[in-house]
């Protein structure tokens, strides 16, 4: 008897849901077709949360100017976003209309012909934007994305830790003390000895390779050389990797995956002396990584490989906005992108309140770039960024960056876990990369 | 159930010896330790779901949240559209279950109660289809789904594996127990075959339907790989997918992930507590008969 | 008058009743299965063009270290948990089947609970508990003085496999216990009674009577666990993303990554087909071995 009412209950539940499902399904359809009748256009934007902050700052202004455009954000992590979009593009999906893409993955997106050709639309901005940002956005002379922020790499450092280790802490003095990575490693060892703190953080097995890539980029080296051949086993690259590994083996690197809980805690607990990272760390430091340490961080130029190097900095990430080639509203989408990224006022606001450094060079004259920043104890840090920006080695991520990055991450895991030789491992990885990408 | 009561009365009754008592104590200790280990992650999940983010990895650990953050749960509904997500999960799991029960019973009953040409060959095919792990066909399935417009469509998840070999096999075992005379009597009364199925077979199979229904529902609710491939936009996500989506972003909100996990488990706990006999009975029958 | 229709509906009923299965089977299983053979012969990034490459994909699979590693991972993970799982599940089932134990329903349900919790949810709790220095497990082990330094549960190849195996063990203990319990309850009670009358100890009964009669169901459990270990997906995806050094990359995870992350759909299809045949061989061997013992 008891079983009977239970199973009837279950069936009843099924029927109710079935009915409600059908009715809601049809109302959804009505919503969809009704959209085109009134002139409101809805744009779907795929983006990750920290990038959305900058857009939100300018949302009211955009709405005031474009009352008929409605923006729907769909939040997801970068990896998810790229993966989903690659599939959506292949499937010919009309959604999303706009995607945010980091420069590191842009060339891959452009290569599968999934983005809307923006060549004519971005023409007026061609000379107003940091030149290297265009490279990964361009294929066969056509441009497929509008650059957003840039990631010139600098060195963020904890003044209090430097002082505790008996080192200079004033930005200029620090820049003088740490000119090369050799100096950087030396200082790291002093800090470890005197204070027990780490110089920087990176995971042995789950690294995103940003640190190593930064070291390469500053020297004008990359996974691929100028002719597009794999250069991961090039002697200079191997030498760089060996130096990086030697820092890890010296024990001056705290083993933590970027942005993991232990990585964040180590910063919050004041156990890490530096971040060699892009300008976008400004916003992250203040809002997420170490909000309680206002006044303790300073900014200096990043170390170079050697003082004679022609270039003094690297690029690390930075984003772009692009339009889905299958979007039904490319004009409106462009309006949105132009308002957010092509408009000086919007970009200055993003620099000021979201800590994202514009690629739009016409903004650099603005007072916001020379003003003291409270979080950094009044240091006018943005000058350091723009200076670094001018000294970035001119190169781009290239199409096969994601696979190269993935393979090299495994290479380092092998180097650290199995104590494998750097040169042999990179040679093996380079060959794997050649076969995967059909390059020489 | 009945066999258990019989053995209880017929088992030899002796006065407990100290060694037996010790053994018994050991047995209970063993069971209690295992039970605790089984429930502990669930308890830790609930505890973590009510913490502030920085307290999730506190050392020494915070066992019980001092200031329960119920807001973690409301946040999921207000900011992460968990209402839609729950609706999607229910919609998919219930429709899938209803259809699966219908198709599996139809086929199971046909195999049990009719004799027809190629019957054993056809049944052989049903059994053989269990041998193809569905994971190996995800790529061609994706292509076919795309052709049918089933990508990013809840129906894409609902129809997948809706007539499962396991279900047919399961219902065939139970259908065999229906009295043939009953069916014949209705035939003489002029009932069509389908009418017999709906008015006699289905009611008679209620306990089996409940068992298979619960098993199917639980499996579909927890399904991950196929929805991950099919349901691509955030608005179509099921709860398992939505929990994983929370992971991305610069800082992983573990407290929200735990809150989402708790939400995902509540409906199942309720159903399973209500229907535990059907669930476990169904699994046991499936095991013995298979 | 209606008799023609009548006879027709009576004759065709079984075919109509089984037709949904066969339609769905053809469209969603059989055709895709055949189609995957075709896909394994092309190079395809998911876009419009597929380039025929013959057996290139297969020769690549055969030389792909990661593919063989993924098969090895499935084996290692299986060896890590299956024996212990079956041992404990049998032990619990025997206890819950004996007369003396009270609260059977409670124990049975609690032990079964992990199996109904969403895999994703369980995976995230595990990843929190095993996380780095401040994960609960390391904290407790350190407090108990069992270890000095944190164990890298998710960041060293060995422990990462242990973690995945532990989670699988956790999720499936109750399920296997239920299956074995079903097998136990299926054993006629008089066999036991006569054994006890002959003066056998409970342990002797377990070894001589219960286990041999349970053999069929234990074999079933082993086969399920084997297929389950190779088919692991969500656990390694959430816990370790297949790392470190691909030590927890299972065949299914590899298929997923090659197709939906790296967009090598043709190559991934070749992996899927290789995987399918390897699974067939495994199952065949297991059935053969257990049959020979009879």
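The values are calculated or read from the model by the stated rules, or taken from the named source; none is laboratory data. All figures in this text were calculated on a predicted structure; none of them were measured in a lab. Backbone-built Cβ (ideal geometry, glycine too); neighbour counts: all protein chains shown.
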> under 30 Å from residue B:182 (Cα atoms) and more than 10 Å from chain A (Cβ to nearest Cβ): does that describe residue B:208?
Replying inline: no
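The rows are residues; the columns are (1) away from chain C (no Cβ under 12 Å); (2) closer than 21 Å to residue C:128 by Cα; (3) buried (at least 23 other Cβ atoms within 10 Å of the Cβ).
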{"site": "B:70", "(1), (2), (3)": "yes, yes, no"}
{"site": "B:73", "(1), (2), (3)": "yes, yes, no"}
{"site": "B:78", "(1), (2), (3)": "yes, no, no"}
{"site": "B:91", "(1), (2), (3)": "yes, no, no"}
{"site": "B:99", "(1), (2), (3)": "no, no, no"}
{"site": "B:106", "(1), (2), (3)": "no, no, yes"}
{"site": "B:113", "(1), (2), (3)": "no, no, no"}
> When both residues are 6+ apart or on different chains and their Cβ atoms are under 6 Å apart, which pairs have a first residue that lies in region B:170-198 and is farther than 16 Å from residue C:13 by Cβ, and a second that is outside any helix (DSSP H, G or I) and modelled with pLDDT of 90 or more?
Replying inline: B:174/B:205
>> Out of the helices (runs of 4 or more DSSP H) lying entirely within region C:55-121, which hold 2 or more residues that are more than 7 Å from chain B (Cβ to nearest Cβ) and closer than 29 Å to residue C:204 by Cα?
In response: C:65-97, C:104-116
> So how many residues does region A:388-425 have that are within 30 Å of residue A:300 (Cβ to Cβ) and either assigned to a loop (DSSP other than H, G, I, E, B) or touching a strand residue (DSSP E or B) at 6+ places or on another chain (Cβ under 7 Å) (or both)?
Replying inline: 10
> Can you pull out the residues in region C:32-44 that are more than 7 Å from chain B (Cβ to nearest Cβ) and either assigned to a helix (DSSP H, G or I) or on the phi > 0 side of the Ramachandran plot (or both)?
Replying inline: C:34, C:37, C:38
>> Just checking, does region A:243-255 include any residue being assigned to a loop (DSSP other than H, G, I, E, B), without any contact (Cβ under 8 Å) to a residue 60 or more places away in the chain and in contact with a helix residue (DSSP H, G or I) (Cβ under 9 Å, 6 or more places away or on another chain)?
In response: yes
> Among C:151, C:178, which is the only one that is touching a helix residue (DSSP H, G or I) at 6+ places or on another chain (Cβ under 7 Å), in contact (Cβ under 8 Å) with a residue 60 or more places away in the chain and crowded, with 19+ Cβ neighbours inside 10 Å?
Replying inline: C:178
> What helices (runs of 4 or more DSSP H) lie completely within region B:73-155 and have 3 or more residues being at pLDDT below 90?
Replying inline: B:119-129, B:138-148
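State all residues of region A:252-262 that are more than 14 Å from chain C (Cβ to nearest Cβ) and either closer than 21 Å to residue C:131 by Cα or surrounded by fewer than 17 Cβ atoms within 10 Å (Cβ to Cβ) (or both); if no residue qualifies, say none.
Initially, region A:252-262 is screened for residues more than 14 Å from chain C (Cβ to nearest Cβ), giving A:252-253.
Once the filter is applied, which keeps residues that are more than 14 Å from chain C (Cβ to nearest Cβ) and either closer than 21 Å to residue C:131 by Cα or surrounded by fewer than 17 Cβ atoms within 10 Å (Cβ to Cβ) (or both), region A:252-262 yields only A:253.
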> Which of the residues belonging to region B:236-251 are surrounded by fewer than 22 Cβ atoms within 10 Å (Cβ to Cβ) and either in a loop (DSSP other than H, G, I, E, B) or within 8 Å of chain A (Cβ to nearest Cβ) (or both)?
Replying inline: B:245, B:247, B:248, B:249, B:250, B:251
> Limited to region B:172-192, what total is found for residues that are within 11 Å of another protein chain (Cβ to nearest Cβ) and either under 30 Å from residue B:220 (Cα atoms) or under 22 Å from the mean Cα position of the chain (by Cα) (or both)?
Replying inline: 2
>> For region A:37-50, give me each residue that is modelled with pLDDT of 90 or more, within 11 Å of another protein chain (Cβ to nearest Cβ) and out of contact with any helix residue (DSSP H, G or I) (no Cβ under 7 Å at 6 or more places or on another chain).
In response: A:44, A:47
> In the list A:327, A:262, A:306, which residue meets the criterion of being assigned to a helix (DSSP H, G or I) and either in contact with a helix residue (DSSP H, G or I) (Cβ under 8 Å, 6 or more places away or on another chain) or under 20 Å from residue A:211 (Cα atoms) (or both)?
Replying inline: A:262
>> Kindly evaluate residue B:260 against the criterion of being assigned to a loop (DSSP other than H, G, I, E, B) and more than 14 Å from chain A (Cβ to nearest Cβ).
In response: no
> If you go through region B:217-229 one residue at a time, how many are part of a helix (DSSP H, G or I) and more than 11 Å from chain A (Cβ to nearest Cβ)?
Replying inline: 8
>> Looking at B:85, B:126, can you tell me which residue is surrounded by 16 or more Cβ atoms within 10 Å (Cβ to Cβ) and more than 30 Å from residue A:74 (Cα to Cα)?
In response: B:126
> Taking region A:57-79 as the search range and keeping residues that are in contact with a strand residue (DSSP E or B) (Cβ under 9 Å, 6 or more places away or on another chain) and part of a helix (DSSP H, G or I), which one is nearest to the other protein chains (Cβ to nearest Cβ)?
Replying inline: A:78
